[in-house]
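Right, one structure below, let's go through it.
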Amino acid sequence: MATINSVLGPMDTANLGFTLPHEHLIDSSAGIRQTYGELEFRDRASDMAIQDFTKAKGGGIDTLVEVSPMDLGRDVELMREVSRESGVNFICCTGCWLDIPRSFWNRDPEFIADLWVQEIEEGIEGTGIKAGIIKIATEDPITQQQELMLRAAARTHLRTGVPITTHTPPQSRVGERQVRILTSEGVEPQHIYVGHINQTLDPDYHRELARLGVWLGWDISNPYGRPHLPPWEQRAEYLKSLLDDGLATNMMLSHDWNVVLSRVGTPGFPGREDNPDGYLWLTRAFIPKLQQLGVTEAAVEQMMVANPRRHFEGVRPQD
Ligand SMILES: [Zn+2]
């Protein structure tokens, strides 16, 4: 048991329940809300979100880890409103995705960590809403500025204890290098969640990440996925083979979904009509498919309830 930051204030990890560890409310860019609000359907974003999350709560989703930092158009006040109205707990993030602000370039990692620690300890944009996780993203190879973000994330974690979650690009084993940089700064592997591992269907990579003692984020599980991925039924079979190898110990499942698709028209990004189940697609399609393949109820409970809680509590996957 531990206390973590939700957008409604401190919450006990015992109350996390069924958790989606990598999702978005709005997936956009810094400043779009203020300048081109129509691209985020601002006039109806809150209605759409409240509707989607009320449905999600009714379908058994208790908590959502919202991993949009400021460069993905983070909107913590909208999260607070949606959380209050729907009953879904929201954990919001500090950190940075791939659109690293120029104001961060070539700074000292401690300088950036100061800003991020403030978002965890005092709150975001004067709202008093505090971040509960640190998001980080790299390409492959990791650029100099992305490495700086990793080191700043490490310093932020070491000063606050708040865990780290990463974005990795498809068909790459860059997660291992992310872990190496973070651990070289003193971060223990159980505080790291390597995201999007299902975009690289390489059992050696997945076994190696598990061996390193980090959490594995199988977090693009929507039916339409990305064009380079095999059909989801095939991905479910591959995941089953990893679980048979004991990787349920480290695994978490999520959709990487969002309410407002401001990237509509980008190849590989489905529209709302392509996934009418939204945040319930795992519960309605993917998990039943896994169970049909022989994945046990206990393994599902471990991936959806126990592992997210243990990540926030700083427990080692193997313990
Ligand atoms: Zn994402």
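Restricting attention to the stretch 53-73, report how many residues are surrounded by fewer than 22 Cβ atoms within 10 Å (Cβ to Cβ), away from the ligand (no atom under 16 Å from the Cβ) and within 18 Å of ASP27 (Cα to Cα). Here the count works out to 0. Where residues in the stretch 8-45 are of a type in the set (Ser, Thr, Tyr) and more than 21 Å from the chain's Cα centre (by Cα), which of them is surrounded by the most Cβ atoms within 10 Å (Cβ to Cβ)? Going through the qualifying residues, I end up with TYR36. For the stretch 182-209, taking the residues that are within 14 Å of LEU239 (Cα to Cα) and either in contact with a Gly (Cβ under 7 Å, 6 or more places away or on another chain) or of a type in the set (A, V, I, L, M) (or both), the one that is nearest to the ligand (Cβ to nearest atom) is identified as HIS196. For the stretch 11-44, the set of residues classified as part of a strand (DSSP E or B), away from the ligand (no atom under 14 Å from the Cβ) and either under 11 Å from GLY73 (Cα atoms) or free of Cβ contacts under 8 Å to residues at least 40 places away in the same chain (or both) consists of ASP12 only. Being among the aromatic types (Phe, Trp, Tyr), modelled with pLDDT under 95 and crowded, with 19+ Cβ neighbours inside 10 Å is the requirement here; does TRP257 meet it? When the stated conditions are applied, TRP257 passes them. Filter the stretch 260-283 down to the residues that are over 24 Å from TYR193 (Cβ atoms) and loosely packed, with under 15 Cβ neighbours inside 10 Å, then identify the one that is modelled with the highest pLDDT. Out of the qualifying residues, it is PRO276.
The values are calculated or read from the model by the stated rules, or taken from the named source; none is laboratory data. Every value quoted in this text rests on a predicted model; they were computed, and no experiment measured them. Cβ: placed from backbone, ideal geometry, glycine included. Neighbour counts: every protein chain shown.
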